[in-house]
Amino acid sequence: MIRFEPCAALDMLWDKPDLHVVAVQSGRRSLAVVLVSAHGLPSVIAYALDLAGFDIVVFDDARRCLDEIPVRRPDIVVFDTAMVQPGHNFHDDVATARITETLPVLEISPDSDSASNAQMLTPTSGEVEAFLKIRALLRRERPSALLGKRKNGPITLDEPGFRLCLEQGCAEISKTDLNILGPFFDVQDAIFDRQSLECLALKGSDWRPGSRSIDTYISRLRRRVDAQLGFDPLRAVRGVGYALRKQ
């Protein structure tokens, strides 16, 4: 299992108040296997998994959890780092146990600096942070587990179909395009700063203050969609980042 380097940012979008996530609506549920102590899964993370469309199976024993992975074939594994021996790489254990092509792993860590790491939560992570990171991890590592279509105003994001649609038709988008666009449908009417969007969207991202690498990917996305639909889906917000454009 590839480990992602933490993004070097401290003030992230999900730290701001008045953000509202959009629950996944689908007749099908995904499955999360969770390894936590007998104290249980933090309620905020459990709620975020539910909003993201997951049923949850909880274990308090690492060996049993790993044994159940090839049997239950989950779409994501969430684990408390306190349940793993110091220095032991539980990601490697999951990679050995899984029989699916990919299996995202999300950590719950006491590390207070984890807000800038798109693969890590803390017991104090809020609902928006947990939801965004769960959804972003699926898009990056297991898009086959994404459920249905997401709407924001007149725009529809067909996540499993890799398409962005308006009344006049649909544009084919790449996986990177999906990773960038997805957060705008998870939190509606939000302006994403560059570091938050890059941390969620780009695999292995290592954001540094002043970095503009996300701009390159977004420029390509805008040109690709505009060429197919005659519509630019994103607008730059000066001094902040990007927002979804409404017709």
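The values are calculated or read from the model by the stated rules, or taken from the named source; none is laboratory data. The structure displayed is predicted, hence computed values, not measured ones. Here the Cβ positions follow ideal geometry from the backbone for every residue, glycine too, while neighbour counts run over all protein chains shown.
Assorted remarks:
- Where a residue in the stretch 71-82 is free of Cβ contacts under 8 Å to residues at least 40 places away in the same chain and its partner, wherever it lies, is acidic (Asp, Glu) and surrounded by fewer than 23 Cβ atoms within 10 Å (Cβ to Cβ), with Cβ under 8 Å and at least six apart: 81/107
- Residue within the stretch 26-33 that is surrounded by 15 or more Cβ atoms within 10 Å (Cβ to Cβ), hydroxyl-bearing (Ser, Thr, Tyr) and on the phi < 0 side of the Ramachandran plot present: yes
The rows are residues; the columns are (1) part of a helix (DSSP H, G or I); (2) modelled with pLDDT under 95; (3) in contact with a strand residue (DSSP E or B) (Cβ under 7 Å, 6 or more places away or on another chain).
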{"residue": "170", "(1), (2), (3)": "no, no, yes"}
{"residue": "177", "(1), (2), (3)": "yes, no, no"}
{"residue": "181", "(1), (2), (3)": "yes, no, yes"}
{"residue": "199", "(1), (2), (3)": "yes, yes, no"}
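- Residues satisfying the stated conditions in the stretch 138-158, i.e. in a loop (DSSP other than H, G, I, E, B) and touching a residue at least 60 places away in the same chain (Cβ under 8 Å): 142, 147, 148, 153, 154
- Matching option when the condition is of a type outside the set (Lys, Arg) and at pLDDT below 95, among 62, 38: 38
- Once the stretch 183-197 is narrowed to residues that are among the hydrophobic types (A, V, I, L, M, F, W, C) and part of a helix (DSSP H, G or I), the residue that is surrounded by the most Cβ atoms within 10 Å (Cβ to Cβ) is 197.
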